[in-house]
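Here the structure is laid out as structure tokens; the discussion comes afterwards.
Read the figures in this text as sums done on the coordinates, not as results from a lab. These numbers were taken from a predicted model, which means no experiment stands behind them.
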Amino acid sequence: MGRDTALLLVRQTPAFAGLDAGSLEPLASAGETVELPPEFTLFAQGDSPEWLHVLVTGMVALTAAAPNGEVVIVDILERREPFIPAAALLGVPYAVGARTVRSTEIFRIRARRVRELAAADSELANALSREVARQYRRMVTQVADLKLRSVPQRLARYILALLADRPSGTEVRLPYGKRLLAARLGTRAEHLSRAFAVLRRYGVRTRGAHVSVADPAQLAAFAAVDDEMRGDAAGTPAADCD
């Protein structure tokens, strides 16, 4: 990967938006891009962080394992962002594992080098701190969803988050199958089917992976989406893998 390509990639990562060339160039020159196949394990729960990973394209599942061996999906990452930056910045073991869901491109920078750059560059340090804070807020929203909202409400919030990218549209396509969607929403496939049935009362119709919403405002009222939490509606709670 050429220097200009790496610089463009870092500049287009929202977490680093606003940084000047003096901050971006050392970060870009320290990194490399890797292309990974589906179901590739980037790191396991408990591993020491060797890299700061930035998702470029594709999809990554964050997983956690219980002592009895049961594995759950904690989150699914789809947008360009660093993931688990806190572990790389602190140099502490990962609390979760990470694997690709589909073919994925990752930009990675040695964690030790990131810490060196952040220690010498307050603007970069601030940008990374903001990203850690943003991800913490998303995690809190996910926990609140689990405790405060039913499966149909969580599904409604997810559909509304997809619609947010289409301000004038009322139709979206689910980005992956219902088994994985159920895992993302913290439920099982049979409960997801019942949730879709509930949402039919609120004007939601499905045809394969296509979802249409007759009245987004009515659906938002049912899902209890407010202005404070609207930006985090795509966040997802811990979930079963099966």
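Run the numbers on segment 1-90 and let me know its relative contact order in percent, using alpha-carbon pairs under 8 Å that are six or more apart. The partial results should precede the final answer.
Working: 90 pairs, mean separation 23.8, N = 90.
Relative contact order, segment 1-90: 26 percent.
Which residue, E190, E39, E50, tops the fluctuation ranking in a GNM of the chain built on C-alpha contacts under 10 Å?
Most flexible of the set in this elastic network: E190.
Enter the angle in degrees (range 0 to 90, nearest 10) between the Cα long axis of helix 151-163 and the first principal axis of the Cα atoms of the chain, meaning the one along which they spread out most.
Long axis of 151-163 versus the principal axis of the chain: about 60 degrees.
How high is the relative contact order of the chain, in percent, with contacts defined as C-alpha pairs under 8 Å that are six or more residues apart?
Once normalised by length, the contact order is 21 percent.
Remind me, what semi-axes does the chain give for its equivalent ellipsoid, largest first in whole Å, using sqrt of 5 times each Cα gyration tensor eigenvalue?
Values: eigenvalues 221, 80, 54 Å².
Equivalent ellipsoid of the chain: 33, 20, 16 Å, largest first.
Averaging over all projection directions, find the projected area of the Cα convex hull of segment 24-100 and quote it in nm² with one decimal place.
Working: hull surface 21.8 nm².
Taking a quarter of the hull surface, the average projection is 5.4 nm².
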